[in-house]
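The values are calculated or read from the model by the stated rules, or taken from the named source; none is laboratory data. Model, not experiment: these values are computed from the prediction. Backbone-built Cβ (ideal geometry, glycine too); neighbour counts: all protein chains shown.
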Amino acid sequence: MPFDPALMADLAEELYVLHVSKAAQDPGVDALKLVIRTAKELYSHKQPDLFAGGLMIFSSIDDSVETGIDEPDRQFDSLADAAGWHELHTIRINEAGRFDAWAHGPAIADIQHLAIVYSYQPPDADLSTPSESIHYPGGSASVPNTNGYPSSFAAPTFWELEDAFDFYARRLAARSTCKFLKNVWAVDSDDRRLVLVNTPEVVFRESLTQYLRSTLRDAKSVRIREEQNASESHPVDIQVEWQMQTHLALIEVKWLGKCLNVAGTALARYAYSDARAREGMEQLIGYVDALYERLPDDDVLGYLVVFDARRWGVSDWEPAEITPINAWRYEHSEVTYDGLLDGRTDIRASPRIFLEPRVARP
Amino acid sequence: MHESVATFDALQLIALTSSAENGISESEVQTLAYVACILALFERHEVSTWGYGFSVTPDGAPFSSALSDATQTVCRLGWCVSDGRQMTITSNGITELKFQTALAPNRIRSRYLEGSAALALTMPLPAIAAALSDEPGLDRALRFGRVVRLFGDIALEKLVEQLTSLNEFLRWEDRDANDDDLLVPAAMWIELMSRSQAGEGGHPHAF
């Protein structure tokens, strides 16, 4: 079946690559590639959110045409050196392959008719993702960042699952930066992130699965358990297999805290405490042991991922006033597993992910 | 013939990703070579002219034994070095690649490999592999859960339908000579695959 023309038309409106191609053809696309390569390398030396005043990277579409901009404040042979300049705001890749740098560069409007420009603005207080755009002759297009990474051009990839978990916990889940996790909260009038939506486990699984699919290198498959098809062969929430290895990871996802009822009108009658995490660990141990019996030659590792949305003293929907101490009470409350993991090198408790409330810290 | 083109493809893809991605694994070489082959189909080449075939594992990853052998060859000959996970090109490899790129058949396929590798600038390598699982041939293999030869009749017909519609939408046959970069159709195609997975109204990935 051919692609839907309406879908292609919508997509064409969104894709900055197409806009650049239409505006500046191959020279524009070449300049775009150079700009993106530069951004990616620069971000490998200095994290995007450390560019507090923003960042701009541009490359001329035609080096033979004078841009008429001011001489650079500094010049660098390498991006590692450029990243070390505290005042860096704007970089141009010059025709000699060196990097011209400014503390306050030219305005985008003054150069985009002759160059491809990438602009980065750090997230403001209300947004958790940065604002990134590609500017080209005659227009601009935003750079999508649906996963909520520090930058779309600083998308992480990992060989090790535990490194992937660590990044996810710190950078995407803790503040619900990921687009999926934004929808896991029941929104009260002040959007304080105190209560979860009904059946939040669906969102947590989807968020983690999509993240692992786009970050784990050499993963042969990252499979999510279908609710309606839960079977003995795939009882865990997420299963990861790697290419050319007999390595297999089983991931069980649990959440702690309170959620709404099905109707969304009140708190559900149940709430989950750390006992739920211990139940999840027992389940995981059972799954791993069962899989060993079926696949004795495979290396199986089990991981329990706990999303912790516990708040102290929330008893209504919508919740009453909550003190900062109560909102943040469980931030450092680690779950103990009472000897369940003794002698088990095949079961890992990955970091409990404390989901931060939108309440000032105590 | 398939050994020499596979060797060139492996060397070229490793070179193209050596600095931006810090190297590439064998399975990632397979993925990008597959996408390059798709781009050749997009420009209406016959699949038989690619030089080697692909099959697909039950988990839906494209695989070519010729390409697998080639990735080992390029390391054995000192053109690439492997750290056990990913391969990067050596100075000897750069010299060899320069020589091989000058050969007429390789000049043509270079465009497709460059278009494929350029995707990795705008989309993480794992995301490219994940997006591919909805490609008709790979999808069919996933459904049947067994090793199948890719580009078989049914899957090829569906894939060609998709690529033809994309070709016509982009008016690719009428393009200017200066409007030749395959990153454009590669980006559109992989995003269409990615949205097929997410369902209608799925999220744009990167472009």
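Worth a mention:
- Residue in segment B:82-99 that is within 20 Å of residue A:220 (Cα to Cα) and assigned to a helix (DSSP H, G or I) present: no
- Among the candidates B:69, B:59, residue that is part of a helix (DSSP H, G or I) and either over 28 Å from residue B:180 (Cβ atoms) or at pLDDT below 95 (or both): B:69
- Residues (facing another protein chain (nearest Cβ under 9 Å), touching an Asp or Glu at 6+ places or on another chain (Cβ under 9 Å), buried (at least 22 other Cβ atoms within 10 Å of the Cβ) and not aliphatic (A, V, I, L, M)) located in segment A:133-164: A:145, A:152, A:153
- For segment A:32-57, the set of residues classified as more than 21 Å from residue A:131 (Cβ to Cβ), of a type in the set (A, V, I, L, M, F, W, C) and crowded, with 19+ Cβ neighbours inside 10 Å is empty.
This table checks each residue for (1) surrounded by fewer than 24 Cβ atoms within 10 Å (Cβ to Cβ); (2) assigned to a helix (DSSP H, G or I); (3) modelled with pLDDT of 90 or more.
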position	(1), (2), (3)
B:3	yes, yes, no
B:8	yes, yes, yes
B:13	no, yes, yes
B:37	no, yes, yes
B:48	yes, yes, no
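- Among residues of segment B:102-133, those that are under 29 Å from residue A:118 (Cβ atoms) and either more than 13 Å from the chain's Cα centre (by Cα) or without any contact (Cβ under 8 Å) to a residue 40 or more places away in the chain (or both), counted: 7
- Residue among A:213, A:171, A:205 that is in a helix (DSSP H, G or I), charged (D, E, K, R), free of Cβ contacts under 8 Å to residues at least 24 places away in the same chain and more than 14 Å from chain B (Cβ to nearest Cβ): A:171
- Scanning segment A:79-88 finds one or more residues that are within 12 Å of chain B (Cβ to nearest Cβ) and either hydrophobic (A, V, I, L, M, F, W, C) or closer than 20 Å to residue A:137 by Cα (or both).
- Per the conditions (1) farther than 17 Å from residue B:167 by Cα; (2) more than 10 Å from chain B (Cβ to nearest Cβ); (3) at pLDDT below 95, the sole criterion not satisfied by residue A:46 is (3).
- Residues of segment A:28-50 classified as charged (D, E, K, R) and outside any helix (DSSP H, G or I), total: 1
- Looking at A:279, A:252, just one residue is part of a strand (DSSP E or B) and among the acidic types (Asp, Glu), and that residue is A:252.
- For segment A:68-101, a tally of residues being closer than 13 Å to residue A:51 by Cα and buried (at least 19 other Cβ atoms within 10 Å of the Cβ) returns 5.
- Checked across segment A:309-316, the condition of being part of a helix (DSSP H, G or I) and in contact with a Leu (Cβ under 8 Å, 6 or more places away or on another chain) holds for no residue.
- Pairs linking a residue in segment A:52-69 that is in a strand (DSSP E or B) to a residue that is surrounded by 11 or more Cβ atoms within 10 Å (Cβ to Cβ) and among the aromatic types (Phe, Trp, Tyr), with Cβ atoms under 6 Å and 6 or more positions apart or on different chains, are A:55/A:120; A:57/A:118.
- If the condition is being more than 17 Å from residue B:19 (Cα to Cα) and either in contact with a Phe, Trp or Tyr (Cβ under 7 Å, 6 or more places away or on another chain) or surrounded by 13 or more Cβ atoms within 10 Å (Cβ to Cβ) (or both), then segment B:76-102 contributes B:77, B:96, B:100, B:101.
- Test: residue in segment B:17-26 that is modelled with pLDDT under 95, surrounded by 22 or more Cβ atoms within 10 Å (Cβ to Cβ) and in a helix (DSSP H, G or I): yes
- The condition (being farther than 20 Å from residue B:183 by Cβ, of a type in the set (D, E, K, R) and touching a residue at least 40 places away in the same chain (Cβ under 8 Å)) is satisfied by just one residue among A:49, A:4: A:49.
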